[in-house]
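Any read-out appearing in this document is the output of simple, stated calculations on the displayed coordinates, not a laboratory observation. The shown structure was predicted, so the numbers you read here are calculated from the model rather than taken from an experiment. In this analysis, Cβ positions are derived from the backbone assuming ideal geometry, glycine residues included, and neighbour counts consider all displayed protein chains.
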Amino acid sequence: MNSLYLDGVTVMFDGFRALNNLSLIIEPGELRAIIGPNGAGKTTMMDVITGKTKPTTGTVKFGNHDLTRMDEPRIAMLGIGRKFQKPTVFDALTVFENLELALKSPRGPLACWRWRLAGTARQKIQTTLDEIGLPDRAQDLAGLLSHGQRQWLEIGMLLMQEPELLLVDEPVAGMTDQETEHTAALLKRIAGTRSVVVVEHDLEFVRALGRRVTVLHEGSTLSEGSIDHVQNDPRVIEVCLGR
Ligand SMILES: Nc1ncnc2c1ncn2[C@@H]1O[C@H](COP(=O)(O)OP(=O)(O)OP(=O)(O)O)[C@@H](O)[C@H]1O
Ligand SMILES: [Mg+2]
């Protein structure tokens, strides 16, 4: 597995620095939460990792791969997946069929063929159903799922592509407290065998993750550490009170 490495990354939009000399390392299998006020650069950071936005200056590497030299499809092929808020679930298909469909858009030209040969697609779907906590809903239409369950199914569809690094932007927006709790458990379950970077405003959720937190502010790292550490960091308190 590869580490994600950002060093001195700056993104300029018409003279405005959306990212300002940002440096960040995500270790293989790590689960990292990114928090910060609106406009801090969280989504821009994800855009830089997935190749949607090219940095003005700085280094972005995934293992030995220089992501600043690759386009979006190639970065996706490397195994960097991203969950968008816009739903990609097909309501008229079952949960199982949605996962099956995600498997059939192979990451590489040989991926599909390999699965067919091994005949393990069904087993892989079953594993994913367990990971996202929906094994009992496999034969239900996706249109019948709650908002939270749909989000989990989307994460499952991404998992079918076997990402090595998964980026998730505000997954618990609009979820009930119970769904939020389930989502924290889900992300903890799926990290370890892949790396997960999650951007979220919900501090209860971030606390439930119980992992290292990075606070972004004006395009750079303001603080990093446990949730207790960053919440008690005078620099973080000053930024919060100043708003
Ligand atoms: N394509 C763009 N052109 C110009 N400015 C942009 C562009 N994309 C983002 N910005 C600006 O860059 C800054 C950082 O935006 P970004 O979306 O990364 O913040 P964020 O931390 O994700 O905020 P939020 O919590 O609201 O999602 C904002 O001031 C935004 O207006
Ligand atoms: Mg954002």
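Here are the numbers:
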| read-out | value |
| --- | --- |
| Added length on full extension, which subtracts the Cα-Cα distance from 0.36 nm per residue, Asp66 to Leu141 | 22.9 nm |
| In order through the stretch 28-36: 3J(HN,Hα) via Karplus (6.51 cos²θ - 1.76 cosθ + 1.60), integer Hz, x for Gly, Pro | x, x, 6, 10, 10, 9, 10, 10, x |
| Sequence-distant residues sharing a close amide H with Val196 (under 5 Å, placed H) | Glu30, Leu31, Arg32, Leu166 |
| Between the stretch 198-243 and the stretch 15-87, the alpha-carbon center distance in angstrom | 19 Å |
| For Met1, net neighbour charge (Lys/Arg +1, Asp/Glu -1) across residues whose Cβ lies under 15 Å away | -1 |
| Placed amide H near Ser223: partners under 5 Å, 5+ positions off or other chain | Val215 |
| Size of electric dipole in the chain: Cβ of Lys, Arg +1 and of Asp, Glu -1, about Cα centre, debye, nearest 20 | 760 debye |
| Beta bridge orientation in the chain: antiparallel %, DSSP, nearest 5 | 55 percent |
| Chain lengthening between Glu238 and Lys188 when straightened (0.36 nm per residue, less Cα-Cα) | 14.9 nm |
| Positive-end residue, the chain charge dipole about Cα centroid, Cβ charges, pick of Gly174, Leu24, Gly219 | Leu24 |
| Residue-wise HN-Hα coupling along the stretch 124-134, computed from phi with Karplus coefficients 6.51, -1.76, 1.60 (Hz; x: Gly, Pro) | 5, 5, 4, 4, 5, 4, 5, 4, 8, x, 10 |
| Amide H contacts of Thr56 (H built 1.01 Å from N, under 5 Å, at least 5 apart or other chain) | Thr10, Val11, Met12 |
| Cα-based shape type of the chain, given that a ≥ b ≥ c are square roots of the gyration tensor eigenvalues and the cut on a/c is 1.5 | oblate |
| Helix-only mean residue ellipticity at 222 nm for the chain, each DSSP H run of n ≥ 4 adding -39500 (n - 2.57), per residue, nearest 500 | -10500 deg cm²/dmol |
| R0 of 30 Å, Cβ-Cβ distance Arg74-Asn38: FRET efficiency to nearest 0.05 | 0.45 |
| Entries of Lys61/Lys188; Lys42/Lys83; Lys86/Lys188; Lys83/Lys124 with Cα pairs more than 18 Å apart | Lys61/Lys188; Lys86/Lys188; Lys83/Lys124 |
| Cβ-placed point charges (K, R +1; D, E -1), dipole of the stretch 114-228 about Cα centre in debye, nearest 20 | 740 debye |
| Gain in span if fully extended, Thr59 to Ser3, counting 0.36 nm per residue against the direct Cα distance | 18.8 nm |
| Under the Karplus curve 6.51 cos²θ - 1.76 cosθ + 1.60, θ = phi - 60°, whole-Hz ³J(HN,Hα) for the stretch 180-190, x wherever Gly or Pro sits | 4, 4, 4, 5, 4, 5, 4, 5, 5, 5, 7 |
| Tensor-based shape of the stretch 170-243 (alpha-carbon gyration tensor, a/c under 1.5 rounded, otherwise prolate or oblate) | prolate |
